[in-house]
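A short write-up of the structure that comes next.
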Amino acid sequence: MEFLAHVEPKTGRTQSIQEHLKNVCNLAEKNCPLDILNHLVCVAALLHDAGKLSEDFQEYMQEIQSSGENVKRRSIDHASAGGRLLEDMAGGHFVSRMVGTAIYSHHGLQDCIDLETGRDLTEKRREKEIDFATVKKRYAQVFGTSELKQYVLRAHHDIQVLCRHIDDVLSRSEEGKYGDREFFLGMYERLLLSVLIDSDWSDAAGFSEEQPLPERLSEKDTLAVWNRAISHFEAYMKKVKSTDPTGRLNQCRREISKSCYQASQSEKRLYRLTVPTGAGKTFSSLRFALYHAKKFKKRRILYVAPFNSILEQNAAEIRKAVGEESDVLEHHCNVCHDDTEKEETYKKLTESWDSPIIVTTAVQMLNTLFSGQKSSIRRMYSLCNSIIIFDEVQAFPVRCTELFHLAVNFLVQFCNTTVVLCSATQPSIAQLAENNLLECEEMVGNADHYTEKFRRTRIIDQTARVPGGMRVEDLRDFILDAAGRSDSILAIVNTKAAAREVYQALKSSGSDEYELYHLSTSMCPENRRRELEAIKAALKEKKKIICVSTQLVEAGVDFSFGCVIRSLAGMDSIIQAAGRCNRHREKETEGEVYIVKMAPEAERIDRFYEMKAARRSCERLLYEFRQEPEAFDRALDSEKAIRRYYRLYYHELGDELTKYPVSSAGTCLTELLGRNRPGRNQYARQHGGKYPEFPLNQAFQTAGNAFEVIPEDEKIPVIVPYDENAEAWITELERPDLTVFGQKKILRKLQRYTVGISKYMRDQLNNAVYSAGSTGVLILSKDYYNEKTGVMEAPVSRFLDF
């Protein structure tokens, strides 16, 4: 009798369990990025769907053969049996724990210890009512056990080697400074699961689509990509037009790029590229990555940025620099292809990250490392044997700080991955109590050397100008006063409401001498893109302009104002804001960057704890700087000043916020993904005071479900009928005959017209937000959107003075 793993409902085609498990094993063995995991992934592959040998599952396969697409869908547990088979074969050894957890989790993460009941995953699976005796008998008949036993024995040995390696790495530093054994074991577990899920899904898709098993790019072909990309990159860089009127900055950029090339020839795997804004770090880091990938035979290069605005801009530059568009996969929510075939190809590539160069967001990267979504877990193993460039690393979420450190430490120590951290203000130069980044190699040496070379601005502390802080009217007057001395003013405030109110105050002042602009995330991305283009054009034409913005312009937006005014924030934000002033040394003198302090009622930041902590820390630094500027080399953007700022900031935040606290679990993600003391304590309470003897006690499912990169205060997406394209797609979305695929395609196009609003704003808008047909997708009434300021709480007609 042939036992079936899959039946294609339309045609009745079948795939046997034997074929499926062998295919998955072959794929897993071929694609496994680390030799130390090879035997483990093979054991997992050969057992993951063993439960499909049960009588219930085979009856279900027969039902599909008989009824085709009309079959009544059923969910049958076919993961438990494979884990139990392994436990019977390996006994209490750790191999059964580690591989078994992957088998149990290949349809969704599982907690090794239930936080509520204290029950162990193995206990829970053994209590499940499955036809285990039949599965065990049939598995032996179909596969035998000799090959599997050999894999298990080798896997057992490899796990011991793996654990010794972790212990050896950690023994070189004080306990907890760079992470703990349990966290790194958990990351190995996620890698194992990643290979299993990818191999399983790839074979299932191959069967469904009648396609051969996928082939990854060979080492030889990958090397050819790097050679071709390097050749084009060097030719391209010779043609790049200079924006530096004196030539001095370009000389510095060439020096930085040369240092990055020299670093590429080193075997070190963790670098900081600390250079001022406008120093050309995108191209310099790309040069490092291409040459390093060639020399050390890396599989891929990943460029990661925190904001789509940076990403889209730099993705275009990277494509031009390497020459071959097909070598670069741009992965973020705004990418959409009209051609169905191209869209399907793109979807497959984003699921596996099987491209030489990946350009993606911090959201996608952090989800790959920590999210509970299977599609995110699947990509994890693509990070091994790679180079990852993290751009504007200071803008990554604060609560992810220690998780990020630990993930980077794991990748560089255990996965043969090279990581480059790019920023003008590196957070990692300040030490935390635990879970720090490993020691980094400075790619260009002394950071202050280039800070001075690129000095184009003077930071002026005006926080004491108005006792108690500036009201909106005070900031308006300050901006207009500065506008009398400079033709272009950029004012950055901390909240969307403050940006809108300052813009309104300037608009109401009656002056038409300046073109007035506003930017905030109350505006949809397409609206912001057009406003940015208009601002850049006005600056190029040397028009007199004033722009009021939130911090969205601080990182990666390439424009240059004569004067910048920044509401008190973190010193990292102030230095990034300064990077938008006199960016290309257009002025013969230094550009002026003013720090001002807004009154509490003007910005209303009480609920933004991290922002408040950053302001307090910066205020303290400014005080210390006034008292003893020599202690900071007389510069607020010196390495000493930045280190002091981050130390103050981390102290203000407290010990928990950087660990990703989870209030519902009463602990933090670094704990749930590490030692999981709450789970171990609950286990002991349920087992007569006895603690678990085995490693791997993590609450993977709880942690994966809790992990979110995007802040929770802007969760409700609404689509704005901003232009004719958006209106046409909204109309299409409301069609009752629209297919699910068609809906997804239109929603991808409408990402550029989507704004995230708070629940409070949603309640205020009331009937101004409606659902598109039966889709549940929310649409904003056109009357409640202003192209100058974005989403409004009242109809635009009430704001005609705009």
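The values are calculated or read from the model by the stated rules, or taken from the named source; none is laboratory data. Everything quoted here is computed from the prediction, not taken from an experiment. Don't worry about glycine lacking a Cβ; one is built from the backbone with ideal geometry, like all the others, and counts go over all protein chains shown. Accessible surface is based on the protein model in full, side chains and every heavy atom, while ligands, DNA and RNA are left aside. Shrake-Rupley method; radii C 1.70, N 1.55, O 1.52, S 1.80 Å.
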| query | Of 353, 710, 492, whose Cα points farthest to the positive end of the dipole of the chain (charges on the beta-carbon: +1 Lys, Arg; -1 Asp, Glu; origin at the Cα centre)? | reply | 492
| message | Test of understanding: what is the full-extension gain from residue 345 to residue 787, defined as 0.36 nm times their sequence separation minus their Cα-Cα distance? | response | 155.6 nm
| Among the aspartates and glutamates, which have Cα under 16 Å from the Cα of residue 320 when same-chain residues fewer than 8 positions away are ignored? | 234, 312, 330
| query | What aspartates and glutamates could a cross-link reach from residue 220, if we take a straight Cα to Cα line under 20 Å and drop same-chain neighbours fewer than 8 places away? | reply | 29, 35, 324, 325, 327, 354
| task | Might you report the magnitude of the Cβ-based charge dipole of region 736-791 about its Cα centre, with Lys and Arg at +1 and Asp and Glu at -1, to the nearest 20 debye? | result | 300 debye
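Arranged from highest to lowest average of other beta-carbon atoms within 10 Å per residue, in what order do the peptides 104-113, 135-144, 252-261 appear?
104-113, 252-261, 135-144
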| field | the chain: angle of helix 281-296 to the longest principal axis, Cα-based, in degrees nearest 10 | value | 30 degrees
| said: Is there a quick way to get the dipole size of the chain? I mean about its Cα centre, with the Cβ of Lys and Arg at +1 and of Asp and Glu at -1; what is the value in debye to the nearest 20? | reply: 1460 debye
| said: If amide hydrogens are placed 1.01 Å from N in the peptide plane, which non-local residues have theirs closer than 5 Å to the one on residue 757? | reply: 715, 716, 718
| When the Karplus curve 6.51 cos²θ - 1.76 cosθ + 1.60 is applied with θ = phi - 60°, which whole-Hz ³J(HN,Hα) does each residue of region 24-38 get, with x for Gly and Pro? | 5, 5, 4, 5, 4, 5, 6, 9, 4, x, 10, 4, 5, 9, 4
| query | How do 158, 477 stack up against each other in accessible area, from largest to smallest, with a 1.4 angstrom probe? | reply | 477, 158
| For region 706-799: lysine pairs under 23 Å (alpha-carbon distance), excluding those fewer than 8 apart on one chain | 12
| ³J(HN,Hα) across region 311-323 via Karplus (A = 6.51, B = -1.76, C = 1.60, θ = phi - 60°), whole Hz, x for Gly/Pro? | 4, 5, 5, 6, 4, 4, 5, 5, 4, 4, 6, 8, x
| query | Over region 356-485, what percent of the accessible surface lies on carbon and sulfur atoms, probe 1.4 Å? | reply | 44 percent
| Averaged per residue, what accessible surface does region 11-126 expose to a 1.4 Å probe, in Å²? | 37 Å²
| query | Pairing the Cα long axis of helix 724-733 with the longest principal axis of the chain, what angle in degrees results, from 0 to 90 and rounded to the nearest 10? | reply | 30 degrees
| request: Just flag the GluC sites (Glu not before Pro) in region 124-187 sitting in loop per DSSP whose Cβ has no more than 14 other Cβ atoms within 10 Å. | output: 127, 129, 174, 175
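Which of the trypsin sites (Lys or Arg not before Pro) across region 66-105 are loop residues per DSSP, with 14 or fewer other Cβ within 10 Å? Let's see the in-between values first.
Details: sites: 72, 73, 74, 84, 97; in loops: 72, 73, 74.
Counting only loop positions with at most 14 other Cβ atoms within 10 Å, the trypsin sites (Lys or Arg not before Pro) in region 66-105 are 72, 73, 74.
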| remark: antiparallel share of DSSP beta bridges within the chain, to nearest 5, in %, is 25 percent
| said: For residue 581, what residues show an amide H to amide H distance below 5 Å, using hydrogens built from the backbone and excluding near sequence neighbours? | reply: 561
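Pulled fully out, how much extra length does the chain show between residue 234 and residue 619, if you take 0.36 nm times their separation in residues and subtract their Cα-Cα distance? Kindly include the intermediate steps, with their values, before the conclusion.
Numbers: separation 385, 0.36 × 385 = 138.60 nm, distance 4.48 nm.
Taking residue 234 through residue 619 to full extension adds about 134.1 nm, to one decimal.
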| query | Can you list the residues, at least 5 places off or on another chain, whose amide H is less than 5 Å from the amide H of residue 358, using H built in the peptide plane? | reply | 301, 302, 303, 329
| remark: In whole percent, the fraction of accessible protein surface over region 638-720 that belongs to carbon or sulfur atoms, probe radius 1.4 Å, stands at 46 percent
| message | Taking θ = phi - 60°, what integer Hz values does the Karplus form 6.51 cos²θ - 1.76 cosθ + 1.60 yield along region 592-602, in sequence order, with x for Gly and Pro? | response | 9, 10, 9, 9, 10, 10, 8, 5, x, 6, 7
| task | Could you give log10 I(q)/I(0) at q = 0.11 Å⁻¹ for the chain, computed by the Debye formula over C-alpha point scatterers of equal weight, without solvent? | result | -1.36
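Just the number please: accessible area per residue for region 531-575, 1.4 Å probe, all protein chains included, in Å². Please report the intermediate quantities before stating the final value.
On the way: 1310 Å² over 45 residues.
Solvent-accessible surface per residue comes out at 29 Å².
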| remark: With every protein chain kept in place and a 1.4 Å probe, region 322-467 has an accessible area per residue in Å² of 32 Å²
| message | As a test question: what accessible area, to the nearest 10 Å², does residue 8 have when a 1.4 Å probe is rolled over all protein chains in place? | response | 30 Å²
